[in-house]
Amino acid sequence: MKWSVFVGHWSQINRKVSSRGSYNHRSIQQQPATRPELSQKVVNLSDDRLSFFERMSESRLVSELPSPAFLVNLPTAQRNADRMLERFRQLRVTLRPHMKTHKTLEGGVIMTGGTRRCIAVSTLAEARFFADGGFDDILYAFPVSADKVEQCAILTERLEVFSVLVSEFDTLPRLAARTLAKGKVWHIWLKVDCNNGRAGVFVDQPEAFDLALKIGRSAAMKLDGIYAHCGNTYHCHSVAEIQAVAENTTEKILAFCSRLAEVGVTTRSSIGSTPSCSLPVPRMGALSEVHPGNYFFYDVQQLHLGSCRAEDVAVRVLTRVVAHIRHRGQLLVDCGWTAISLHGHGRLPSGYAVIQDHPEIRLVEMSQEHGLIDASEGQEMDFEKFPLGAALFLIPYHSCAAAAMHSVYHVHDGDTVLETWTPCRGW
Ligand SMILES: Cc1ncc(COP(=O)(O)O)c(C=O)c1O
């Protein structure tokens, strides 16, 4: 999509969302048949976890929120979640949504279609947080290390199913040394690398197969499955390239599982990233599971990859013009890197983020709390157009990174703030 077309999209989206009458807070509370847990939980969570100051500063209108503020468009996020659920329901593949992008109970309820079952998390803090929130069948999808064995053991004893990710032989005796109560065994997914180039034992290495066999044949362990994250889809330049990576990763994992089955070890297969799961190839229908996460919010990066359309991006950072710096032709805004992260650096013609509806300006510099906005190439800053206090909506390059900067999300439909969500933080 051409840059100007993309930026132009946002004014239409705003109008569409604002004119939607059906998604308001009252209608969510009045739909117990479809989302009972969510509406009930939202009230309790807000009451319990927001500090006095946060409650006092709570506004019912987006335009009145103190900035910077992280905004989640609820109808859009809900639609993204529903689409992914439906896509993999049709393919008869289990969707294990990853919670790493939003890290909220409310988001987890929506992404699991209300079941609170079968999720992946990236930290033990998330694992405990979702377990406390009534979630089960949780996969801690980061290679487990010795310092975390005890916490994993407690979660294994506590939950119906808690699984860990292993990619090293050395990890096995460390797990085995911790005897589990209640007749539990260690649930393990073997992490393999299918050219993603990050974590995992390389899928074609003999050690990968030997490790799977060792886990599969151990009495104290259950080989839950083979897990590959095809994050190399993020380096692709076209949908065809993304689908080639997805196809290749799927084939490698399925072949690996078939070889295991030939020697009597049957197990599940799981791959997934938001690009591959937003554009699945038919062969992915042979997998047991997929585990994407970013699709709940999407972002500018996903838009550029072709994973989503502009109207699918559910998050923005609200910032305001704080000063006119006339001698430099710049606007000062109250969004530094602590409100959106530095992830967009050098990746966008509009600077660190896309400024909704304003292709004529770009966010060129950020320090901790300050953001500096220039006129776009070949243009002059029109200070009249951006008076002090003017609100700007920044669309993040990477929503996981931008969300991680905030301790509260303001969940809205159009200009109406419906709820606040409090994400899990820490490790
Ligand atoms: C191990 C693992 N699994 C799943 C995911 C989810 O992928 P995505 O963010 O593309 O949805 C990630 C994301 O980084 C990951 O690291």
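The values are calculated or read from the model by the stated rules, or taken from the named source; none is laboratory data. It should be emphasised that the depicted structure is a prediction, and the values quoted were computed from it without experimental measurement. With ideal geometry, Cβ positions are generated from the backbone for all residues, glycine too; neighbour counts draw on all protein chains shown.
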Checking residue 226 against (1) surrounded by fewer than 21 Cβ atoms within 10 Å (Cβ to Cβ); (2) without any contact (Cβ under 8 Å) to a residue 60 or more places away in the chain, which single condition isn't satisfied? (1)
Of all residues in the stretch 252-277 being within 14 Å of the ligand (Cβ to nearest atom) and part of a loop (DSSP other than H, G, I, E, B), the one that is farthest from residue 239 (Cα to Cα): 272
Positions within the stretch 89-131 being surrounded by fewer than 23 Cβ atoms within 10 Å (Cβ to Cβ) and of a type in the set (S, T, N, Q), in sequence order: 90, 94, 112, 115, 122, 123
Hits in the stretch 399-419 - residues which are touching a residue at least 24 places away in the same chain (Cβ under 8 Å), among the hydroxyl-bearing types (Ser, Thr, Tyr) and farther than 21 Å from residue 308 by Cβ: 416
In the stretch 132-148, which residues are surrounded by fewer than 19 Cβ atoms within 10 Å (Cβ to Cβ), within 19 Å of residue 222 (Cβ to Cβ) and either among the hydrophobic types (A, V, I, L, M, F, W, C) or away from the ligand (no atom under 16 Å from the Cβ) (or both)? 136
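This table checks each residue for (1) buried (at least 20 other Cβ atoms within 10 Å of the Cβ); (2) touching a Cys at 6+ places or on another chain (Cβ under 6 Å); (3) under 17 Å from residue 271 (Cβ atoms); (4) of a type in the set (Lys, Arg).
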{"position": "156", "(1), (2), (3), (4)": "yes, no, no, no"}
{"position": "163", "(1), (2), (3), (4)": "yes, no, yes, no"}
{"position": "170", "(1), (2), (3), (4)": "no, no, no, no"}
{"position": "185", "(1), (2), (3), (4)": "no, no, no, no"}
{"position": "195", "(1), (2), (3), (4)": "no, no, yes, no"}
{"position": "200", "(1), (2), (3), (4)": "yes, no, yes, no"}
{"position": "211", "(1), (2), (3), (4)": "yes, no, no, no"}
{"position": "216", "(1), (2), (3), (4)": "no, no, no, no"}
When you scan the stretch 269-277, do you find a residue that is over 19 Å from residue 195 (Cβ atoms), modelled with pLDDT of 95 or more and of a type outside the set (D, E, K, R), even just one? no
Those residues of the stretch 287-296 which are of a type outside the set (A, V, I, L, M) and more than 10 Å from the ligand (Cβ to nearest atom) amount to 288, 289
For residue 280: the one exception among (1) part of a loop (DSSP other than H, G, I, E, B); (2) within 12 Å of the ligand (Cβ to nearest atom); (3) under 19 Å from residue 118 (Cβ atoms): (2)
A careful count of residues in the stretch 167-184 that are part of a loop (DSSP other than H, G, I, E, B) and more than 13 Å from the ligand (Cβ to nearest atom) gives 11
Tally, over the stretch 322-357, of residues that are over 26 Å from the mean Cα position of the chain (by Cα) and crowded, with 21+ Cβ neighbours inside 10 Å: 2
Kindly evaluate residue 164 against the criterion of being within 16 Å of the ligand (Cβ to nearest atom) and not in a loop (DSSP other than H, G, I, E, B). yes
Restricting attention to the stretch 240-251, report how many residues are among the hydrophobic types (A, V, I, L, M, F, W, C), away from the ligand (no atom under 15 Å from the Cβ) and surrounded by 13 or more Cβ atoms within 10 Å (Cβ to Cβ). 1
Complete set of residues in the stretch 348-367 that are under 14 Å from residue 322 (Cβ atoms) and in a loop (DSSP other than H, G, I, E, B): 367
Output for the stretch 185-218, where each listed residue is of a type in the set (Asp, Glu), more than 16 Å from the ligand (Cβ to nearest atom) and not in a loop (DSSP other than H, G, I, E, B): 207, 210
Within the stretch 286-334, the residues that are more than 30 Å from residue 79 (Cα to Cα) and in contact with a strand residue (DSSP E or B) (Cβ under 7 Å, 6 or more places away or on another chain) are 321, 322, 323, 324, 325, 329, 330, 331, 332, 333, 334
Name every residue in the stretch 99-124 that is within 16 Å of the ligand (Cβ to nearest atom) and either without any contact (Cβ under 8 Å) to a residue 12 or more places away in the chain or not in a loop (DSSP other than H, G, I, E, B) (or both), in order of residue number. 107, 108, 110, 111, 118, 119, 120, 121, 124
